[in-house]
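One structure, as structure tokens, below. Some questions next.
The values are calculated or read from the model by the stated rules, or taken from the named source; none is laboratory data. None of the values given here were measured: they were computed from a predicted structure. Cβ placement follows ideal geometry from the backbone for every residue including glycine, while neighbour counts extend to all protein chains displayed.
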Amino acid sequence: MPQPHSAPAEPPAHYLRPGRFVDSDHPVVREFARRHADPSLPVREIAVRLYYAVRDGFRYDPYKFDMSEKGLKGSSVIERGYGFCIPKATLLAAAARASGVPARLGFADVRNHLTSPRLREMMKSDLFAFHGYAELLIDGRWVKATPAFNLSLCEKAKVKPLEFDGTADSVFHEFDALGRRHMEYVAERGSYDDVPRAEILEVFRHVYPNYGDWVREGVSGDFEREVDTGPAS
């Protein structure tokens, strides 16, 4: 396993600049940020409001696994109304930067026990490499925020929704509401100022031998409707 990437000790202003994917200068991102959090509010309140706006305003959809440059942009989540973990985290980071809150992206490999028969067949693995989340600079420290799973999905799957108060890291629970194993963090991939798309694609090709089939054939379905709510294992 490669060593985690460490974000350089950049000044906070570095994490306020627009990126290729963290497109905080895009008009729809700026409008989204203003609509959900007045920039005159305290930083922590801005961060919390944006977190919930991204978490619940856009459904989590791992079937629409678009790794193109456009598909990974934060603005694309707004335009489409859905996203998987990386673009949803990218939107949160972009909206935070647009609101004056320094933000970056964090990545880890996780074993995901919230899945569906269709997703298991697609991935042929329960390892989600390069799971993405946002990191926001609040009161002088980086706080992790994971806006992937929307509330309605969590209720359907009987998974405890991830809350965020701007002081404690918001990361996946080890077990769900029924005591079933939910998520297991396997390896840290580190922090980045933007999506390391080329690096992620290289890892995907190694971890998922059938990755090319996802791209060529695509996968359709309603993950929230199909999510596995079977007995504990």
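Working only within the stretch 11-44, note down all residues that are surrounded by fewer than 21 Cβ atoms within 10 Å (Cβ to Cβ) and under 20 Å from the mean Cα position of the chain (by Cα).
Scanning the stretch 11-44 gives 16, 17, 18, 20, 25, 26, 28, 30, 36, 44.
In addition: Among the numbered criteria (1) in a helix (DSSP H, G or I); (2) surrounded by fewer than 24 Cβ atoms within 10 Å (Cβ to Cβ), which single criterion is violated by residue 96?
Only one criterion is unmet by residue 96, namely (2).
Here is a yes/no grid of residues against (1) in contact with a helix residue (DSSP H, G or I) (Cβ under 9 Å, 6 or more places away or on another chain); (2) polar (S, T, N, Q); (3) within 21 Å of residue 142 (Cβ to Cβ); (4) not in a helix (DSSP H, G or I):
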site: 19; (1), (2), (3), (4): yes, no, yes, yes
site: 24; (1), (2), (3), (4): yes, yes, yes, yes
site: 33; (1), (2), (3), (4): yes, no, yes, no
site: 41; (1), (2), (3), (4): yes, no, yes, yes
site: 45; (1), (2), (3), (4): no, no, yes, no
site: 51; (1), (2), (3), (4): yes, no, yes, no
site: 56; (1), (2), (3), (4): yes, no, no, no
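To continue, here is another question. When the residues of the stretch 169-203 are filtered to those that are assigned to a loop (DSSP other than H, G, I, E, B) and modelled with pLDDT of 95 or more, which remaining residue is nearest to residue 59 (Cα to Cα)?
This residue is 195.
Cβ contacts < 6 Å: first residue within 21 Å of residue 133 (Cβ to Cβ), restricted to the stretch 194-212; second residue of a type in the set (Gly, Ala, Ser) and not in a helix (DSSP H, G or I), any location; separation 6+ or different chain. Result?
Close Cβ pairs (under 6 Å, with a partner that is of a type in the set (Gly, Ala, Ser) and not in a helix (DSSP H, G or I)) amount to 194/19; 203/129; 207/129.
Only one of (1) modelled with pLDDT of 95 or more; (2) among the hydrophobic types (A, V, I, L, M, F, W, C); (3) farther than 23 Å from residue 66 by Cβ; (4) within 14 Å of the chain's Cα centre (by Cα) is not met by residue 138, so which one is it?
(4)
While we're looking at this one, here's another question. Restricting to the stretch 152-168, what's the tally of residues that are under 15 Å from residue 88 (Cβ atoms) and modelled with pLDDT of 95 or more?
1
Going by the conditions given, is residue 50 touching a residue at least 40 places away in the same chain (Cβ under 8 Å) and out of contact with any strand residue (DSSP E or B) (no Cβ under 8 Å at 6 or more places or on another chain)?
So residue 50 passes the test.
Turning to a different aspect of this structure: Which numbered condition trips up residue 113, out of (1) more than 14 Å from the chain's Cα centre (by Cα); (2) modelled with pLDDT of 95 or more?
With respect to (1) more than 14 Å from the chain's Cα centre (by Cα); (2) modelled with pLDDT of 95 or more, residue 113 is out only on (2).
Follow-up question, since we're still on this one. Could you please find all residues in the stretch 72-107 being of a type in the set (S, T, N, Q) and at pLDDT below 95?
none
Also: Looking at residue 136 and the list (1) assigned to a loop (DSSP other than H, G, I, E, B); (2) more than 15 Å from residue 72 (Cβ to Cβ), which single condition is not satisfied?
Every listed condition holds for residue 136 apart from (1).
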